[in-house]
1. Can you pull out every residue in segment 57-74 that is crowded, with 17+ Cβ neighbours inside 10 Å and either modelled with pLDDT under 95 or among the aliphatic types (A, V, I, L, M) (or both)?
2. Does residue 164 fit the bill of being surrounded by 13 or more Cβ atoms within 10 Å (Cβ to Cβ), part of a helix (DSSP H, G or I) and among the β-branched types (Val, Ile, Thr)?
3. For residue 78, indicate whether it is buried (at least 16 other Cβ atoms within 10 Å of the Cβ), within 16 Å of ligand 1 (Cβ to nearest atom) and of a type in the set (Gly, Ala, Ser).
4. Six or more apart or on different chains, Cβ atoms under 6 Å: show the pairs whose first residue is in segment 4-20 and farther than 26 Å from residue 142 by Cα and whose second is within 11 Å of ligand 1 (Cβ to nearest atom) and in a helix (DSSP H, G or I).
5. Restricted to segment 31-44, and to residues that are assigned to a helix (DSSP H, G or I) and β-branched (Val, Ile, Thr), which residue is surrounded by the fewest Cβ atoms within 10 Å (Cβ to Cβ)?
6. Would you check if there is a residue in segment 9-17 being more than 16 Å from ligand 1 (Cβ to nearest atom), part of a helix (DSSP H, G or I) and within 19 Å of residue 167 (Cα to Cα)?
7. Going by what's in this entry, would residue 94 be described as more than 15 Å from ligand 2 (Cβ to nearest atom), more than 26 Å from residue 17 (Cβ to Cβ) and modelled with pLDDT of 95 or more?
Amino acid sequence: MQARAPLMIEHRLIERMLSVIKEALSKIESKHKVDPVFVDIAVDFIHVYADRTHHGKEEDILFRELKKKPMSEEDRRAMNELIEDHVFGRRATKALVEQNTRYRNGDETALAGIIEKLQTLIEFYPKHIEKEDKVFFPASRAYFTDEEDQAMLAEFLEFDRKMIHEKYKSVVENFER
Ligand SMILES: [Fe+2]
Ligand SMILES: [Fe+2]
């Protein structure tokens, strides 16, 4: 298995969640109301799975290793764009959390903001995923030997192993605050 395989498998689950959000969004729009708990669950998925676990492996391992390589100008630009996309996704998610809190506290005007941010996320992520799957991952594979690729794969799996512990440690710590 190549190192990019787990990243691409994760993309498929992210796409499935985006479909779930898309379907929920049409109901939210037609009923003019949202279940804040659904937004919490969507945010948790984006935050813990898509950002921390998935983007975490991309940024902390793949991009870190690529930065050691003599990348072409084009590939370097593409990588910086992907990093900016991750930042954009984080900001949109943070804004979504803020709107959801307002909505939960009785401010119905926050519904428009929730709809807008969910829409932003379902439009932006598929484009980001496509750039990685079709262009960036194949291009970046060429910079690594088979041994280097396998070393990254091992590091990816170790990164994942720690995630469940990090997640539930943070659950406990949030209650202890
Ligand atoms: Fe990414
Ligand atoms: Fe990705």
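The values are calculated or read from the model by the stated rules, or taken from the named source; none is laboratory data. Just so you know, these numbers come straight off a predicted model, no measurement behind them. Neighbour counts are summed over all protein chains in view; Cβ atoms, including those assigned to glycine, are modelled from backbone coordinates with ideal geometry. With ligands, DNA and RNA removed, areas are computed over all heavy atoms of the protein, side chains included. Shrake-Rupley method; radii C 1.70, N 1.55, O 1.52, S 1.80 Å.
1. 61, 62, 66, listed by residue number.
2. Taking the combined requirement at face value, the residue does not satisfy it.
3. yes
4. Matching pairs, first to second residue: 18/125.
5. Checked segment 31-44; the qualifying residue surrounded by the fewest Cβ atoms within 10 Å (Cβ to Cβ) is 37.
6. No, the conditions are met nowhere in segment 9-17.
7. So residue 94 does not fit the description; no.
Every residue, every condition in (1) surrounded by 18 or more Cβ atoms within 10 Å (Cβ to Cβ); (2) within 13 Å of ligand 2 (Cβ to nearest atom), yes or no:
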{"position": "2", "(1), (2)": "no, no"}
{"position": "11", "(1), (2)": "yes, yes"}
{"position": "15", "(1), (2)": "no, yes"}
{"position": "29", "(1), (2)": "no, no"}
{"position": "46", "(1), (2)": "yes, yes"}
{"position": "55", "(1), (2)": "yes, yes"}
